[in-house]
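Undergrad: One structure follows; several queries about it will come next.
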Amino acid sequence: FFFQAEDGIRDHCVTGVQTCALPICRLVHDDRLVNSVGGYHWTSRHAGQFGVRAFALPGVDLHRIEAAVDDERRRLLQEGPSADEMARTRVELMNQAYSRLETVLGRTETLGSYAYYQGRVGPDSVGEDLARYDRVTADDVRRAAEKYLSAPCVKACVLPDQIGRAHV
């Protein structure tokens, strides 16, 4: 779940990077550059982190992958998500939220997070956050993308050496 006013919009933006059809189809299926691509976003009390991970197929030039990811980022900044991308993302986010509530541990962690981050715990806490997913629009995502995805970023390539150790 998310804990700040814009976190729901960022979740849509980030999960859109992960689940929307175009980046996955393009990078994995069409261009055959990577075997998987995904986005992540962590919210904490004072700061957050956003990232995109793409796992290159053997022999693929990493600059081509970087260019393709940058193209998709620019597309999201310029066009925003399509209705299909919004629907896929909403389903994915709701699925993740409900999956966390399936176990007693998941429910306890969720309520503990509300108490810690928001200072509130109540039976409506979960429903209030789930309702925020439904209120996010494509324009909200475009604005969040403009704010967070147009900023300077750090790019890193991790390559194994000949005996499998990682080098950055």
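The values are calculated or read from the model by the stated rules, or taken from the named source; none is laboratory data. Everything numeric in this text was worked out from a predicted model, so none of it was measured. Glycine also receives a Cβ, built like all others from the backbone with ideal geometry; neighbour counts cover every protein chain displayed. To get the accessible areas, we keep the full protein, side chains included, count just its heavy atoms, and leave off ligands, DNA and RNA. Shrake-Rupley method; radii C 1.70, N 1.55, O 1.52, S 1.80 Å.
Undergrad: 7 Å from Cα along Cα→Cβ at both ALA151 and ASP124: what's the point-to-point distance in nm?
TA: That separation, rounded to one decimal, is 3.2 nm.
Undergrad: Hey, another quick one. For labels at HIS63 and VAL104 in the simple 7 Å Cα→Cβ model, what's the distance in nm?
TA: Once both label points are built, they end up 5.8 nm from each other.
Undergrad: Net charge around ARG74, counting only other residues with Cβ within less than 14 Å of its Cβ (Lys, Arg = +1; Asp, Glu = -1)?
TA: Local net charge: -2.
Undergrad: Place a +1 charge on the Cβ of each Lys and Arg in segment 74-168 and a -1 charge on the Cβ of each Asp and Glu, then give the dipole magnitude about the Cα centre in debye, rounded to the nearest 20.
TA: The dipole of segment 74-168 has a size of about 300 debye.
Undergrad: How big is the accessible area of SER82 in square angstrom, nearest 10, if you roll a 1.4 angstrom probe over the protein chains?
TA: 50
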